[in-house]
Amino acid sequence: MPTLVLASTSPARRALLEQVGLDFRCEAPGVEEQLDPAADPVAQAESLAMQKARAVAERNPGAIVIGADQVLALGGRALGKPADEAEARAQLGEMAGRSHALVSGVAVLGPGGTFVGNEETRLTVRALCPEEIEAYLATGEWQGCAGGYRVEARGLALFERIDGDWTNVLGLPMPLLLGELRRRGVPLFG
């Protein structure tokens, strides 16, 4: 069985793969994530996932490499990880009382060919007062997260509704990924 490599150092993605008992290792892809707010969020998520998978696959010939990236789609614009607290404040303020989509792109490279896919989950943020936004920003959870929130932690309190795949919200849509790994002959139950 080929080595399974996750092209990510995300603790949430690592935890999802560990949860299902896969034997894998993580490797930082070293890819700079640049988003164009006007470009299609789905295409950008898939492209970034492929870039990450390719970067790691070049260093790991013969391995099955998983790349993933997440883009937030709000009002026809693509949002990524805020650069600083001011940008996180602006993103949270813009999302307050509105719905948006989290789109995860997934790429799998190696024996069995190339796979690229995506999953979309809709989230509705509560109407938030400025004090709530400031209190959340003070947690520091906004750092390194698309949209400026970490839904798997205290950020869950920001939402009034989540429709779709919970694992996608965490950054790695497992039903989609596991279907592809199973197709490649990766044993899902040891």
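None of the figures in this text is laboratory data; all of them are computed from the coordinates on show. As the structure is a computational prediction, the values presented were derived from the model and not from experiment. Methodologically, a virtual Cβ is constructed for each residue, glycine included, from the backbone with ideal geometry; neighbour enumeration extends over all protein chains shown.
Numbers for the structure displayed
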read-out	value
Low-density loop positions, chymotrypsin sites (Phe, Trp or Tyr not before Pro), region 92-190 - DSSP coil, at most 11 other Cβ in 10 Å	PHE189
Neighbour-count ranking [beta-carbon atoms within 10 angstrom, fewest first] of ILE162, ILE133	ILE162, ILE133
The chain, dipole about Cα centre (Lys/Arg Cβ +1, Asp/Glu Cβ -1), debye to the nearest 20	580
Ascending count of other beta-carbon atoms within 10 Å, so fewest first, for CYS129, CYS145, CYS26	CYS129, CYS26, CYS145
Distance in nm between pseudo-label sites at GLU32 and ASP163 (7 Å out along the Cβ direction from Cα)	3.8
Alpha-carbon gyration tensor eigenvalues x 5, square-rooted, for the chain, Å	30, 16, 14
For region 4-183: relative contact order, % (alpha-carbon pairs under 8 angstrom, 6 or more apart)	22
Structure-based [θ]222 nm, the chain - -39500 (n - 2.57) summed over DSSP H runs of at least 4, per residue, nearest 500	-9500 deg cm²/dmol
